[in-house]
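The values are calculated or read from the model by the stated rules, or taken from the named source; none is laboratory data. Owing to the predicted nature of the structure, the values given are computational and were not obtained by experimental measurement. Reconstructed Cβ throughout: ideal geometry from the backbone, glycine too, with neighbour counts over all protein chains shown.
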Amino acid sequence: MSTPHEAASPTDEPLANLLFDHTGADIILRSQDSFHFRVPRIYIVNSSPILGRVIRRTSRSLGDANAIPVVKPVVHLPESGEILHCLLTFIFPVTPRVPSTPEEIMELLSVAQKYQMGTAVTHIRGSIARQNSLPARLKPTLHMYALAQKYGLRPEALQTARAILLKQSMTIEDFDNELDIMPGASLYELLKYHERVRAILASDLTKFRMSSARGTITGFRCTELSPSQIPCWLDHYICSIEKAPNRFDLVEFNAAMARHIADRAATASEDLHCDCASIPSQTRSIREFWEALGSVIDGSFEKVSVVDVPGCLQY
Ligand SMILES: [Zn+2]
């Protein structure tokens, strides 16, 4: 691919060096910022029914839509050259190009969605999953959530809403402090989503506790056992996740266990002896417990995601 673009553009050089100039091109896609992409229409028509209609309409205006015109039809599109270029890399047999900023990534997905490029949308999401992980800090994650809401990208809105709930213990006041990042309506919807998840978590985690953590941690002699015969400290730990899902974290779990073991070690009475100190060595039990707890939490999130994603425009 080489470099043709006609008008001066504010876009940086790397894009100009990568623009499509395909052998056998029979149409030109013109970006909002005046980059030209010379491509065979068949790729575009086969990838997007929306663009297919636009191309046929443009071709008809030049005469026979089925003939190869002397003058290549120019299809004006409202996207930037950078976004169009990235989009085309998911249609043509070239190395996929994912934009560098969260804003552009979300915009790329939204454009592919708008043009009903189902296969491209899938490929873009796959590339994003391989190349990016969600930000660790709250503000960038909230920003990505707001972008997903803005562009009507439901899977991304769900993914970020879940990440926020699992990483942060947020109060209504915390949300109020983030109004500079996203509109109040989006924050309100996020808060409602979190409330729904917590309500379902409370129900599902209660069943989990009553099932003795699905039998994954039983038979330990502890001075304080719950009615379902698991140590009370573990019962309390599971309960705490209902109110603060960010406590679903191995560090939090190990800290709760360590506190209990230290408490018992500090008591001299033989009557208060318990076997919990041996739990850390029961690696298989711990792993099975953790996987079972994770599957309960995943299930709770999925129940909400099916019907209750707020504020999204599509999907
Ligand atoms: Zn114990």
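Worth a mention:
- When we screen 101, 95 for residues that are within 23 Å of residue 21 (Cα to Cα) and either at pLDDT 85 or above or not basic (Lys, Arg) (or both), the only hit is 95.
- Complete set of residues in region 129-163 that are at pLDDT below 85 and within 22 Å of residue 115 (Cα to Cα): 129
- Meets criteria (among the small types (Gly, Ala, Ser), part of a helix (DSSP H, G or I) and either at pLDDT 90 or above or within 16 Å of the ligand (Cβ to nearest atom) (or both)) for residue 228: no
- Matching residues, region 231-265, being out of contact with any Leu (no Cβ under 6 Å at 6 or more places or on another chain), among the charged types (D, E, K, R) and more than 16 Å from the ligand (Cβ to nearest atom): 243, 247, 249, 252
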